[in-house]
Amino acid sequence: MTEREYQTPCYIIDEEKLLKDFNMLKDSLEASWNHYRIGYSFKTNSLPWLVTFLKEKGVMAEVVSDDEYALARWLAFKESEIIYNGPVKERTSFERALLAGGIVNLDGRRELDWLEELCDSHPEREFSVGIRVNFNLERLCPGETTMGEEGGRFGFSYENGTFGRVVERLRRRERIHITGLHLHSSSKSRSVAIFEAISSMACRLKREFDLDLSYVDLGGGYCGGLPGRPQYPDYFPAIAAVLKEEFSPEQTALIVEPGISLLSSATTFETRVLDVRDIGEKRYLITDGSRFQLDPTMIKSSYLYHFKLASPKEGRRRMERQCISGYSCMEVDRIFELENGPELKEGDRIVYENVGGYTMSLAPLFIRYFPDVYVRTNGELQKVRKRWTPKEYVQNCKLYGGKDDDTGSKLRNPE
Ligand SMILES: Cc1ncc(COP(=O)(O)O)c(C=O)c1O
């Protein structure tokens, strides 16, 4: 398929780049802490092709809901290949995961109750669990964390004593073993210092509570593929240097849960200019992509992009300002102001780079449905997700006056 044969908008994943970034992660883990597991963060982008590509490379599934747990099972991850995190687990999958020997990191009081009841109802079984730690990372890395002084809302708080009480409570049952710590914390900086601080917290907890851990799970939050920012080989030697104060690779596995750092630099989003209009003094370009597909949380102030001009040989005058906007009817759907760029015309393409994480998974079904996704392998494109049509949109919907099993997907396409 040539460049002009595929329809925009679409995401394109470059397999070679993805593999290169994955190998960089693996090699740097191997060099620094050769006992490790990679749990791929489903929430970041659970496109089935991507998840099964990583599965084939030996990666575990890191999931944070019953739906994600079911998706991992659907895509043939064994229960023992799933890391179950987050505060909204469901009891049935929580119990299944524990009974099957998967990794479960506790994240709330109700899970302690469920665990004790499960332990009571299976008197012949031993149970291994991890605990999600909530701690004041801002104090260790001022100005770098996402929530600042207010702190995060996940896990059991070390500072107010809850973590200690959880350890005490679990130790009252002989058949429950605390075998892991989960320390994922979000930061704005994604710096090496953040991961050193998280690792030092793991050491401190081990010392203070005399823990015997088979894993330390540092979560995600790494940078990847951005010029001038840390890469995997910068993080893991620094992490290992801190962890070695209290842990050894022989006894304790390092678990990492990368998301955005693994995918983003391999993924682009390709859009096309549909219309050019002057309103007042301003030039607007309406494109077939949307800010909701590039920056669904509306926080970005700049993008990495390049153009593919429809007529590259034709000279283009430069324009002081052009507002690149999206297809939706919302006024906020303005993607960026192009300053001093070539005058863009209908049919020109704008290709956004570094867009693999938190774009496909957070994009809404607003006005247009999910776009195509392609994978580029050795220069060839294969479609790995077909764009949604009304057929997919109406699936599982009951129509007015319809019978229970009369879902919209059974309706004929009028064409
Ligand atoms: C528990 C957990 N692990 C991993 C990740 C992935 O983070 P990132 O995509 O920043 O690497 C997240 C993201 O929120 C998370 O909450």
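All of the numbers you see were taken from the coordinates with simple rules; none came from a lab. These figures come from a predicted structure and were not determined experimentally. Positions of Cβ are backbone-derived with ideal geometry, glycine not excepted, and every protein chain shown enters the neighbour counts.
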Taking a crude spin-label model, label points 7 Å out from Cα along the C-beta direction, the Glu346 to Tyr6 distance in nm is 2.5 nm
Sorted by Cβ density within 10 Å, fewest first, the residues Glu343, Glu168 | Glu168, Glu343
A chain fully extended from Glu250 to Glu337 at 0.36 nm per residue, minus the present Cα-Cα distance, gains in nm 26.0 nm
What distance in nm separates the simple spin-label points at Tyr369 and Glu150, each placed 7 Å from Cα in the Cβ direction?
-> 3.8 nm
Residues in the stretch 6-30 near a label at Asn378, defined as backbone nitrogen under 14 Å from the 7 Å Cα→Cβ point?
-> 15-16
Which of Met360, Met319 comes first, and how do the rest follow, when ranked by fewest Cβ neighbours within 10 Å?
-> Met319, Met360
TM-like helix rule applied to the chain (DSSP H, alpha carbon span at least 24 Å on the long axis, mean Kyte-Doolittle at least 0.5) gives 192-209
Binned Cα-Cα distance frequencies in the chain - 20 Å width, integer % | 24, 50, 24, 2
In sequence order, calculated HN-Hα J values of the stretch 281-293 (Karplus, 6.51, -1.76, 1.60; Hz; x Gly/Pro) = 8, 9, 9, 10, 10, 8, 10, 8, x, 9, 4, 5, 8
Along the charge dipole of the chain, Cβ charges K/R +1 and D/E -1, which of Gln382, Ala193, Phe94 sits furthest on the positive end?
-> Gln382
In nm, what is the difference between 0.36 nm times the number of residues separating Ala76 and Glu353 and their Cα-Cα distance?
-> 96.6 nm
Using only Cα atoms, locate the centre of the stretch 259-308 and the centre of the stretch 14-71, then give the distance between them in Å, rounded to an integer.
-> 27 Å
For the modelled label position 7 Å from the Cα of Ser186 along Cα-to-Cβ, which residues of the stretch 30-63 have backbone nitrogen atoms closer than 19 Å?
-> 40-46, 62-63
Among the listed pairs Lys55/Lys345; Lys20/Lys345; Lys188/Lys244; Lys17/Lys398, give every one whose C-alpha distance is greater than 32 Å.
-> Lys55/Lys345; Lys20/Lys345; Lys17/Lys398
Shape call for the stretch 309-391, from the Cα gyration tensor axes a ≥ b ≥ c (a/c under 1.5 means rounded, otherwise prolate when a/b beats b/c, else oblate), comes out oblate
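Around Pro342, with a cut-off of 15 angstrom between Cβ atoms, what is the net charge of the other residues, counting Lys and Arg +1 and Asp and Glu -1?
Values: positive: Arg283, Lys308, Lys313, Arg316, Arg317, Arg318, Arg321, Lys345, Arg349; negative: Glu314, Glu320, Glu337, Glu339, Glu343, Glu346, Asp348.
Around Pro342, the surrounding residues sum to +2.
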Length released on extending from Thr52 to Lys386, taking residue separation times 0.36 nm less the Cα-Cα span | 118.5 nm
Zone reached by a paramagnetic label modelled 7 Å from Asn136 Cα along Cα→Cβ, restricted to the stretch 158-182 with backbone N below 13 Å, covers 158-161
Unit charges at the beta carbon, dipole of the chain: most positive-side option, Val104, Thr359, Val256 = Thr359
So how far apart, in nm, are the two label points at Ala31 and Tyr400 if each is 7 Å from Cα heading toward Cβ?
-> 6.5 nm
Using a Förster distance of 35 angstrom, determine the FRET efficiency expected from the C-beta separation of Ser301 and Val88, and round it to 0.05.
-> 0.70
When Ser199, Ser214 are arranged by how many other beta-carbons sit within 10 Å of their Cβ, fewest first, they go Ser214, Ser199
